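The values are calculated or read from the model by the stated rules, or taken from the named source; none is laboratory data. Predicted model, so just to flag it, every value in this text is computed and none were measured. All Cβ positions, even for glycine, are placed from backbone atoms using ideal geometry, and neighbour counts span all protein chains on display. Keep in mind that these areas ignore ligands, DNA and RNA; they rest on the heavy atoms of the full protein, side chains included. Shrake-Rupley method; radii C 1.70, N 1.55, O 1.52, S 1.80 Å.
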Amino acid sequence: MGLTVLHAPLHAPSARLHPTVVTRQIHKHRATMVGLTEAYGILPALGRMRGYRLVVESGGKDRHRGQKDNPILIRTAMRSLGSGQVLGCDAATPLRIAPERWFTYSAFEVPHVGAVCHVVLHPHAGVQDKASGLLRTDNDRARQYGRQMKGLEAMLDFAAAVGWRAVVTGDLNFRDHGTDPRSPYDILRGHGLKVVSRGLDCIAFAPALGLDVDVVHAPASITDHPWLVGRSR
């Protein structure tokens, strides 16, 4: 079986108005696994999708967004090796754009490929200095962003320790520009992953997975970001 990874960032208010468009677009790509961001308004529709298991937890402090922001969809045919969510960092200011941020992960067995762990994140925005590419030092969102990047390192270390090949998708709210040890791109490459980014959006993966990554069309009625799809050769 081949492996297809879909990074599907949404515009939350628009997606809430058009949940059927979202699910139809996801089905169109026949993905093995789907990482979403800003999905908190359409979880019921995602949970009803045939052929997929929705990975999202509850109980966090932020009951509106938080854990609901970045769920994963996994093909039900895949044998699960474990899944869940881990707090990435606390809310910051202004709260309107800086809720709690979480990691979502799902590990599963892919026939003829082996154990794969998909990690999805959507960290705080407005944290990168445009000129230098460095993490800013003048707001608490950037400090919390740095905390979440430490968590990303730990999650990738754990995946490697248990023999899972990693795939990471997300709207990283950071561009692949400049050299900062807290840059998600530096962290991903430092863990041996191949990185493909378009603006703020990224798919990173263990080179052994051999993914070819392309930008795919998604309607402006549900997103203001590019969607990315990676297919194994």
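In table form, for the structure just shown:
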| item | result |
| --- | --- |
| Residue in segment 153-164 that is charged (D, E, K, R) and in contact with a Ser or Thr (Cβ under 9 Å, 6 or more places away or on another chain) present | no |
| Counted residues, segment 183-209 - those being more than 17 Å from the chain's Cα centre (by Cα) and touching a residue at least 40 places away in the same chain (Cβ under 8 Å) | 2 |
| Some residue of segment 10-28 being open to solvent by 10 Å² or more (accessible area, probe 1.4 Å) and under 27 Å from LYS150 (Cβ atoms) | no |
| Cβ-Cβ under 6 Å pairs, at least 6 apart or on other chains, segment 61-83 side in contact (Cβ under 8 Å) with a residue 24 or more places away in the chain and at positive phi, far side assigned to a loop (DSSP other than H, G, I, E, B) and surrounded by fewer than 23 Cβ atoms within 10 Å (Cβ to Cβ) | GLY66/GLY60; GLY66/PRO99; GLY66/GLU100 |
| Every residue from segment 47-74 that is within 17 Å of ASP171 (Cβ to Cβ) and assigned to a helix (DSSP H, G or I) | GLY66, GLN67, LYS68 |
| Candidate set: segment 84-117, residues that are part of a loop (DSSP other than H, G, I, E, B) and either polar (S, T, N, Q) or touching a residue at least 60 places away in the same chain (Cβ under 8 Å) (or both); chosen: the one most open to solvent (accessible area, probe 1.4 Å) | HIS112 |
| Breaking point among (1) within 28 Å of ARG79 (Cα to Cα); (2) open to solvent by less than 40 Å² (accessible area, probe 1.4 Å); (3) part of a loop (DSSP other than H, G, I, E, B); (4) not charged (D, E, K, R), for VAL195 | (3) |
| Residue in segment 119-131 that is surrounded by 16 or more Cβ atoms within 10 Å (Cβ to Cβ), on the phi > 0 side of the Ramachandran plot and not β-branched (Val, Ile, Thr) present | no |
